Structure formats: structure tokens, C-alpha cells
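Engineer: My structure is below; once you've seen it, I'll send some questions.
The values are calculated or read from the model by the stated rules, or taken from the named source; none is laboratory data. Owing to the predicted nature of the structure, the values given are computational and were not obtained by experimental measurement. Here the Cβ positions follow ideal geometry from the backbone for every residue, glycine too, while neighbour counts run over all protein chains shown.
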Amino acid sequence: MRRLAKLDHRHVWHPFTQMRDWLRREPIIIASGQGAVLREADGREYLDANSSIWTNLHGHNHPQINAAIRRQLRKIAHSSALGLANEPASLLAEKLVKTANPKMVGRASPRAGSSAASPHLSKVFFSDDGSTALEVALKLAYEFTRRTRSQSVGREPSRAMQPKFLSLAGAYHGDTVGAVALGHIDLFHQSYSGLLFKTDKVMAPCCYRCPFNRAKPERADARDCRRCNWECVGKVEEKFSAQKKRGNPYAAFVFEPLMQGAAGMIPQPNGWLRQVAEIARGHGALLVADEVMTGFGRTGVSNSELLTPNSEFLFACHHEGVQPDFLGLAKGMTGGYLPMAATLTTQEVFDAFLGEYEEFKTFFHGHSYTANQLGAAAALASLEILQSAGSVRARARLQKNLHVELQGLWSLPNVGDIRQAGLMAGVELVKDWRTRQPFELRERAGIRVCEAMARRGVLTRPVGNVVVLMPPYCTTPAQLQKIVSALGESIAATLKN
């Protein structure tokens, strides 16, 4: 075993990894990367089929982002955001606000009592990763609701006034304690139940395994052949109505727009998000959009009927005309270079925390590396690339090519469903597509297929029995073909139905 592998085994504890399994084999040790390619020290190459866990947008070693970081490094790497401002973070905040407020038609209806036709996201709170972005949104929504509700009845916020939150079954919003409380994946979160406050969950629109979908299994995306009456939307209405009758309406509805990632790459059928956003708004709830995975172009080209000239949607919720009150961003924000996150919200929320020093209405929350200059410089460069005509064309081409390549997998009997949303896809593995019978977790079907893909020079990671494909935007047609071919070959060789 190589020296670095021995050091890893001796000292490194890897995330979301059963370390007993990890210690049984020599790990792949990445030494360098270029574009969609990752290289080991011995020169062996792999295609990065999940963008280094969903973070890398434009490819590794991108010259434009490299140059931006070098320019900033010649000035300063970091200074505190507690009591100080800096140039790249200020410019990035301006750019994020502009990008998060596209000109749209057909927006979802406004929150009850709001004077605005749709929330205008004007304030940016920087943090470090997706978990902290959602933690910030949660804390802000909690305290904003307490303060505004107490004002409406003319008294100070009371500890007895406990705003409640609603999120989706299968939700994953991060690993900090507040973010874990918003999540509903027992496999991840059950161990920490004693630390958590209670949040409610409601049915997610999983067409492939929906109990209301009367369509028989077909060789097509389950969303395209579903037969139902939007019962999943009705469940959301029921949940909001029941909570309102208890006299404590939900403070906020938290969701991943268009695609739930850690739930198993669960896509939402067209129109679902717009409908449930209208329900939430009608019940006075804030909307919290978790775009940690789906943001910065991952959900693909825009719905043309919502676009005005010279605009392009980079965030998933805007594809359905939904503008949230809180927008959580991370992962691809710096193009996959540095840990950085942001929570965008409105002037109305910001104003609720204004007061005299001695009133202690300050938002008491922060991170040592908030608004880090190197991260902000990388994010500015990434946004510039994203908004270039060349990048828009490349993403549209990759989205189309991904759809075409994936069609060849329907011939495999162990492929139950192929779910694509823009530039990301999930392929669910089953024992037989006709019955949709899942593999048991102990059979490690997804892991074994991904191990076989690695032997074929393609790296990705499953979510249970769902293999995720989320390549960098620079991936060429030939590279994409190799990625999907490696997946098909690995399914056929590993599962052998």
C-alpha cells in the first residue's frame, strides 16, 4: 500500500463513510485535475461524474477562477467580517442579489400580508457551507416570525411563542443541529433525535414510488407517465390547514426546488412547486429554498415562458416562477474551489433585527471565515463564467446530450427509473423494473455499481440504490458517453439480473 494511503488509513476519518469498509481496501488518492478529469499520483485518470460531490461547476483547474484567486491572494487572503467590510464580498453580494431577482412573469402569489407582489431578496449573509446557509435561514425565520407575530398582538416576543417549520419527507438540509432538525431521513438523523427540536414533514412528490400513482411501470421517467390527481399537493394543503386550526400557523415551508438530492435524486413533476408555494403563501408562511445542490445552473436551461429578454435563470425555484423569502446557497458557489455559502433574504427580515445597541436585537450568529476574500473572488469569477453566452450554450448542450445518452440504460432490467433535472440525473437500481422491487441496503447495489464504474475510470457516489450523475459543465460529448457507458456496463456486470 502506498505511503499516502497508509497515512489516510491511520489518521483520516471520512464523512458519510463506514470506515470498516474503507480500511479494507487501498483508497484512490487524487493528486491533480483538469476539466472533467481527476488524476492519481501514478497518472491514472478518472472522469469526475459527480463534480466532486456536486460542487465543481466549470471543471478543475479553470484558468479564469485560478487567475481570480491569484489576483486576490496578492492583496489579502482573509480579514474578519465582524466589524469590517471587504471589496470582493461586497461585489459578490451585489451580484448575488441581482442574479437572485430575475425578471419573471407568472410568479407565485405573494405571502399573506406582504406589501410586495413578490419578495425582493436584497440582503446577503455569508457563511461556510450548505448546512450553515440553512442554519442561518432557520434562525432568521424563527426570530422574524416571533417578532412580527408579537408585534401584531402588541407584546414582547415570548418564549412560549414557538414558530413551527414544515419540510418534505426525505428532506436533507445539512448536518448542523438546526439543519438536521429540518431533515427527515432517519438513516442520517435518528441517532441525534435527542438533540433536535421537532419539525413537521409532508409527503414529497416521488412519482416513481407514489402510492397515488396508478400508472404501471414503464420504460420512461415516472413523471412523464404518472396517473394521479395531485394528491401530493392536497397533502400539503391538509398539513397547512391542520396547523392553522391549532392556532400556530407554520412559520416557514422549507424545500429543495425541483430535485431532492440526498432523498435519492427525487424530482418534482412540473407544476408541483408552484402549487405548493401558493398554498404556503396563502397560509402566511415564509418560503425557504434550499438551493445548495440545485443552484447556479444545475437545473438547466430556463422555461422560456417565464423569461424576459436578456435574462437567464440560475436558480431552480425561478423555473416555476417561485421567489422565496430565504435562498440558501453553497456547493457550486465558488465553482467548487473554496468553502463558501450565502443566505439571501429580504429588507423586511433585515429590518426586524434593527434596533438600539442595548436592545440586543442583533442577529447573534457568525463564522470566522464569513465573507472570505478568496472565496468571494472565486465566486465572482464563477458567476461571470456562468453568465457568459458560451457557458449557457455549453449547459444547454450538456443537458440535451445527457438526456440522449441516458435513454440507452432503459434496456437494462435492473434500471427502474431514470430521473433527470437539467444537468443532473439519478438512476434507480431495482431487482426487476416490472415490480419496482428495491435492493436491500445490505446488498450494497449502488455502492457495488459505483465501485465497478471506478474500475472503468469513472468516479461517482450513490445515494442508496440511486446512482448520481452530475458532471461538470465542461464535460465533452465523448466524456459524457464514457460516463454513461461505464454506468451501463457496471450495472450489467454487477447485478446480472
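Results for (1) assigned by TED's automatic domain parsing to the domain that holds residue 340; (2) touching a helix residue (DSSP H, G or I) at 6+ places or on another chain (Cβ under 6 Å); (3) modelled with pLDDT under 95; (4) not polar (S, T, N, Q), shown as yes or no for each residue.
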position	(1), (2), (3), (4)
13	no, no, no, yes
38	no, no, no, yes
43	no, no, yes, yes
66	no, no, no, no
92	yes, yes, no, yes
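Engineer: Would you pick out the residues in the stretch 273-291 that are in contact with an Asp or Glu (Cβ under 8 Å, 6 or more places away or on another chain) and of a type outside the set (Gly, Ala, Ser)?
Structural biologist: Matches in the stretch 273-291: 273, 274, 279, 286, 287, 288, 290, 291.
Engineer: Among the residues of the stretch 416-443 satisfying the criterion of being among the charged types (D, E, K, R) and crowded, with 18+ Cβ neighbours inside 10 Å, which is farthest from residue 297 (Cα to Cα)?
Structural biologist: My answer is 431.
Engineer: Please specify each residue of the stretch 50-79 satisfying the condition of being more than 23 Å from residue 293 (Cα to Cα) and in a loop (DSSP other than H, G, I, E, B).
Structural biologist: 74, 75, 76, 77, 78, 79
Engineer: Taking the stretch 45-64 as the search range and keeping residues that are under 25 Å from residue 484 (Cβ atoms) and touching a helix residue (DSSP H, G or I) at 6+ places or on another chain (Cβ under 6 Å), which one is surrounded by the fewest Cβ atoms within 10 Å (Cβ to Cβ)?
Structural biologist: Per the stated criteria, the residue is 54.
Engineer: List the pairs whose first member sits in the stretch 451-466 and is assigned to a helix (DSSP H, G or I), whose second member is polar (S, T, N, Q), and whose Cβ atoms are under 6 Å apart, counting only residues at least 6 apart or on separate chains?
Structural biologist: What qualifies is 452/490; 452/494; 453/490.
Engineer: Do we have residue 201 as assigned by TED's automatic domain parsing to the domain that holds residue 181, under 24 Å from residue 137 (Cα atoms), within 24 Å of the chain's Cα centre (by Cα) and surrounded by fewer than 20 Cβ atoms within 10 Å (Cβ to Cβ) here?
Structural biologist: Working: assigned by TED's automatic domain parsing to the domain that holds residue 181: yes; under 24 Å from residue 137 (Cα atoms): yes; within 24 Å of the chain's Cα centre (by Cα): yes; surrounded by fewer than 20 Cβ atoms within 10 Å (Cβ to Cβ): yes.
Here the answer is yes, as residue 201 does meet what is asked.
Engineer: Hey, does the stretch 464-475 have a residue that's among the hydroxyl-bearing types (Ser, Thr, Tyr), surrounded by 21 or more Cβ atoms within 10 Å (Cβ to Cβ), under 22 Å from the mean Cα position of the chain (by Cα) and over 19 Å from residue 22 (Cα atoms)?
Structural biologist: For the stretch 464-475, residues among the hydroxyl-bearing types (Ser, Thr, Tyr), surrounded by 21 or more Cβ atoms within 10 Å (Cβ to Cβ), under 22 Å from the mean Cα position of the chain (by Cα) and over 19 Å from residue 22 (Cα atoms): present.
Engineer: Among the residues of the stretch 274-284, is there at least one that is in a loop (DSSP other than H, G, I, E, B) and buried (at least 24 other Cβ atoms within 10 Å of the Cβ)?
Structural biologist: The answer is no; no qualifying residue exists.
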